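Where a number appears in this text, it was derived from the coordinates with a stated rule and is not lab data. A quick note: this is a predicted structure, and the numbers were derived from the prediction, not measured. All Cβ positions, even for glycine, are placed from backbone atoms using ideal geometry, and neighbour counts span all protein chains on display.
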Ligand SMILES: [Zn+2]
C-alpha cells in the first residue's frame, strides 16, 4: 500500500508527496485577502474594490500584464510586520501543501528604501524563516530585475552584503523579451566571484537563444526554460551539463506561454533526460500552489508513478541543499511512492 496512490482509481494526493518548490517569488505569494489587509493597515488605496475584483484582475494576457498587477500589489508591503507576515504565511501554506524544502526569490529592488530600510526588510524575512524552520526547510535567493540597468543589479548585489551568509543563490527575472541574459554578464560574473550559485529566468516568453545564453553564463539552474524544446542540440547540452529547469506549469497556462497544459513540454523533456522540476512561481496570482501544479500536470499529461518519482527526485537533485539532506529526502520520496 503506498502512501500516495490509490492505484485502482489512478488518484494521487499530491499534498502527501514530499516535494520541493524551487521557483517561487515571495512577493507572488501575497494572497488577495492579505493584500487588502496590508493596504487597510497602511492606508493605501488600491485600484480594485475588494479581493474578488483582484481575483478578476488575475486573468492575464501575458507576462507584462501580470507584472503590472504584481508590482501594484507589492506597494502594500510597507512595514517590517508586513514582510514578516507575508513570509510566515507563505511558509505555513507551503508546509501544509507538503513542500518539504523551498527556495524562494525575493527582490529588495522593488521596495523603496526610504519607506523601510533594507535591514528591517531582511530581518523580517529571515525571522519568519527562522520561526518556521522546524516545519519547513528553506533557502533564500536574491534576485534582480532585467528591465533595469545592469549597474542597479550590481548595486543590489552590494547592498545585500551583510546577508551573504544567509543567501543560497542570485537570480534574475522580469519582462523577458528584449532583455537577454547576456546583457547581465557583469552581474552574474560578480555573483560567481563572490561565491554564489546563479540562476536566471529564460525561455519563458523569450526564445531558445536566451536559454542558450543562460548556459553560456554557466548558470546552476534555469528558471522556466520552456523554449529549449524547440532546439534539440540545446536540450542535449542541458542533459550533458545536467542543468535543471525549474518549470511552472500553471504560471505558463495563466500567462499564455502554453494554450493548454496538454501542450506543456515538461513530460517530453523528462523523457529526453532533462532535469525538469515542478514549481509554483507566483501562486497567489496564478491560483496554484505546488500540489495544484503537480495535480494539473498529472491530469493533463497522465504521468506514470515512475515519472512522478523522477520529477520529485529531480526537485531534490536540483536544490541547493547539502548532500546528506538530499539523501534524506530522496529516501522519503521513495518510501512515499513505493513502499
Ligand atoms: Zn519566476
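Rounded, prolate or oblate: which fits the range 62-123, taking a ≥ b ≥ c as square roots of the Cα gyration tensor eigenvalues, rounded meaning a/c under 1.5, else prolate when a/b beats b/c?
Here the range 62-123 falls in the oblate category.
Tell me the mean residue ellipticity at 222 nm calculated for the chain from its helices only (DSSP H runs of n ≥ 4, each -39500 (n - 2.57), averaged over every residue, nearest 500).
Helix-only estimate at 222 nm: -13500 deg cm²/dmol.
Name the shape class, rounded, prolate or oblate, that the alpha-carbon gyration tensor gives for the chain, where a ≥ b ≥ c are the square roots of its eigenvalues, rounded holds for a/c under 1.5, and otherwise prolate holds if a/b is larger than b/c and oblate otherwise.
Rounded.
Given a 10 angstrom Cα cut-off, can you work out which residue in 204, 134, 216 is the most mobile in a GNM of the chain?
Comparing 204, 134, 216 in the GNM, the peak value goes to 134.
Which of 116, 266, 26 moves most in a GNM of the chain, Cα contacts under 10 Å?
Answer for the Gaussian network model of the chain: 116.
So which residue, out of 252, 218, 293, gets the largest mean-square fluctuation from a GNM of the chain using Cα contacts under 10 Å as springs?
218
Share of antiparallel DSSP beta bridges in the chain, in percent to the nearest 5?
Approximately 5 percent, going by the DSSP bridge assignments.
Between residue 72 and residue 302, how many nm apart are label points set 7 Å from Cα along the C-beta direction?
4.1
Using label points projected 7 Å from each Cα along Cα→Cβ, tell me how many nm separate residue 49 and residue 209, to one decimal.
4.7
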